[in-house]
Structure formats: structure tokens, C-alpha cells
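Input: a single structure, listed below in C-alpha cells.
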Amino acid sequence: MELKLDPSRTALVVIDLQRGIVQIPSAPRPAAEVVARASQMARAMRAAGGTVVFVRVTPSPDLKDSLKPITDAPPRAAAAVPPEWSELAPELKPEPSDILITKRQWGAFYGTELDLQLRRRGIDTIVLCGISTSIGVESTARDAYERGYNQVFAEDAMAAREAVEHAHTTRLILPRIGRVRSTEAILAALK
């Protein structure tokens, strides 16, 4: 099915492409490729009259908002992060018109004003990309689905820690809640 996007009702939502995360090895592609494609889509979205949202994750300074449930694979212990950790990757070149959302958990909707900002702008479709496919992107996608947003996932503008995580999410989860496409297809749909 041909992808068609109305830029006036579409937002690019970029998940966690920040200094502290893009330095971690990723698969099936390096973070630099993910950042380059996200930057390309951001420029195209702005040029077409769409909305660009950058989401970053960082703990609160006192670390008291860190989750502590009992799990088989415990998360890394919460620790104070250097100030530059949550700065967006400089290659993204955010514009003053872009929306910046700071989240404290995996999903970009939980405890943030993302839904409010999208609805105020009449957005009904989001294009998602970022790191990590199986955590931040997938959590945000599931929440967006439950809120009724149409979604398009830029498969080649995502990565995870391991290729198997990325493949599981892009092949089995995301097709059930949206459309998985390439950056090239998304750029063509914005013209």
C-alpha cells in the first residue's frame, strides 16, 4: 500500500537520540546512521509544514523517580548522569519550532505532555524513529496506539542493543499497530 502523509496532521517523533545513548553500540545499524536518517526526516518534515518532536530521557536529579520493581533482568542501577548525557545529538540540529519532551521512563507519553502537544496541533499521525527500537520506540508506539494515533515506523532509522531485539519489534510488534516503512518511503510521502 502506498504511503500518504498529510504533513499538517503529522509529527515526526524522535526517541532518545541524545549524547548519552548514541554513544552505546547499537544494531542492526550504528547510531550514527539512525541519527543521520532522523535528521533527514526532520528537515523534510519541517519543509513540508509538519511537526518535529524530540524526546529525551533522563532521571530526575535526586534519582527518586527511578523504577525499582523486581525483575529477572534488573535494570542498570540509577546513577547521576553528566549534564551533556541528555543533550540531543548535535547532528539533529533542532529548530526553535520543534517540541522537546523530557521523559523519565521508557515511553514518551507516560508522565509527559506529548499527547497534549500533539492534540493541540491537530496531529493524528506520528512517524516514529530512534533508539532503542524494543524499549523507547516500542513503548511509545504501544501508548500511541492506545491513544488512537496512526503510526508509521522508520525501520532504518531505529536500532537496539542487539539486532534480534530490533527484528522482533519491527517484524512482530510494530506491524500490528502501524505501518513499517523505510526513510525513503517516508520522505517520498512528505512531498
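The values are calculated or read from the model by the stated rules, or taken from the named source; none is laboratory data. None of these values were measured; they are calculated from a predicted model. Please note: Cβ atoms are built from the backbone with ideal geometry, for glycine as well, and neighbour counts cover all protein chains shown.
Observations
- Qualifying residue in the range 75-86 (condition: of a type in the set (S, T, N, Q) and within 20 Å of S134 (Cβ to Cβ)): no
- In the range 104-113, the residues that are under 12 Å from the mean Cα position of the chain (by Cα) and modelled with pLDDT of 95 or more: G107, A108, F109
- When E184 is tested against (1) surrounded by fewer than 16 Cβ atoms within 10 Å (Cβ to Cβ); (2) in contact with a His (Cβ under 6 Å, 6 or more places away or on another chain), only condition (2) is not met.
- Tabulated pairs, the range 45-61, first on the phi > 0 side of the Ramachandran plot, second buried (at least 16 other Cβ atoms within 10 Å of the Cβ) and part of a helix (DSSP H, G or I), C-beta under 7 angstrom, 6+ apart or interchain: G49/P7
Listed here are the residues, each with its yes/no results for (1) surrounded by 14 or more Cβ atoms within 10 Å (Cβ to Cβ); (2) aliphatic (A, V, I, L, M).
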{"residue": "M1", "(1), (2)": "no, yes"}
{"residue": "K4", "(1), (2)": "no, no"}
{"residue": "V55", "(1), (2)": "yes, yes"}
{"residue": "L100", "(1), (2)": "no, yes"}
